[in-house]
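> I have a structure I would like to understand better, so I am pasting it below and will then ask my questions one at a time.
The values are calculated or read from the model by the stated rules, or taken from the named source; none is laboratory data. Please read these numbers as outputs of a predicted model, since none were measured by experiment. Don't worry about glycine lacking a Cβ; one is built from the backbone with ideal geometry, like all the others, and counts go over all protein chains shown. Only protein heavy atoms, including side chains, enter the accessible area calculation; ligands, DNA and RNA are left aside. Shrake-Rupley method; radii C 1.70, N 1.55, O 1.52, S 1.80 Å.
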Amino acid sequence: MATAAEEAAPAVAVAPAPEKVAEVKEAAAVETPEKVEEAPKPAEGEGKKAEDGEEKKAEAGKKARKPRSRKPKSAGPHHPPYFEMIKEAILSQDGKAGASPYAIAKHMEEKHRDVLPANYRKVLAVQLRNFAAKGRLVKVKASFKLAAAEEKKAASATKAKPTPAPAAAAPKRKRTAVPAAAANKASA
């Protein structure tokens, strides 16, 4: 029994006739320019051959890119930074215990109601946690108070701004002592 390899006829490489080779080359030369003309022409810098792939990548990196269009900032009112609002709320509270997050949020809402976002309480909670981690605030039980360094800054800022003296008040009417005899007549 013969194997499949033995049964198959050996492949013999037969060179094609030189005349046919010349005809095929001529036909290919004639057809190739027509195909190039039919294809749409690539724009500048595009359509490079595969050999120029590295050059194309380098060229693409060199091209000036358009800057991204940024969203315009809203013309609406803006609130001060959260730390300033927190500091203002803590300083407005009396007591050494600081201020609770609820009291801080309430104070912020009273002062900056028009400019605060709808989720300001959530943002406030995150800010309080971050400032406590950074050391700008100190957490005392369930309240926050300013760190010693921040208190010094706040104190120096208040000293720099002198409190305005009360406006010249209208002169008060002085009471004069009424003689006892005149007082008895008024009561009778």
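> Which condition breaks for A99 when tested against (1) over 16 Å from V140 (Cβ atoms); (2) open to solvent by less than 20 Å² (accessible area, probe 1.4 Å)?
With respect to (1) over 16 Å from V140 (Cβ atoms); (2) open to solvent by less than 20 Å² (accessible area, probe 1.4 Å), A99 is out only on (1).
> Looking only at residues in the range 95-107 that are within 25 Å of the chain's Cα centre (by Cα) and not β-branched (V, I, T), which one is nearest to K145 (Cα to Cα)?
If we take residues in the range 95-107 being within 25 Å of the chain's Cα centre (by Cα) and not β-branched (V, I, T), then P101 is nearest to K145 (Cα to Cα).
> Going through E59, E88, E84, E110 one at a time, which residue ends up being at pLDDT below 90 and either over 21 Å from the mean Cα position of the chain (by Cα) or part of a helix (DSSP H, G or I) (or both)?
Only one candidate passes the filter, namely E59.
> Name the residues in the range 81-113 that are in contact (Cβ under 8 Å) with a residue 24 or more places away in the chain and among the basic types (K, R), would you?
Listed by number, the residues that qualify are K87, K96, K111.
> Please go through the range 139-159 and give me each residue that is in a loop (DSSP other than H, G, I, E, B) and over 15 Å from F83 (Cα atoms), ordered by number.
K141, A142 - these are the residues of the range 139-159 that are in a loop (DSSP other than H, G, I, E, B) and over 15 Å from F83 (Cα atoms).
> Assess whether A154 counts as being surrounded by 10 or more Cβ atoms within 10 Å (Cβ to Cβ), modelled with pLDDT under 95 and at negative phi.
It is true that A154 is surrounded by 10 or more Cβ atoms within 10 Å (Cβ to Cβ), modelled with pLDDT under 95 and at negative phi.
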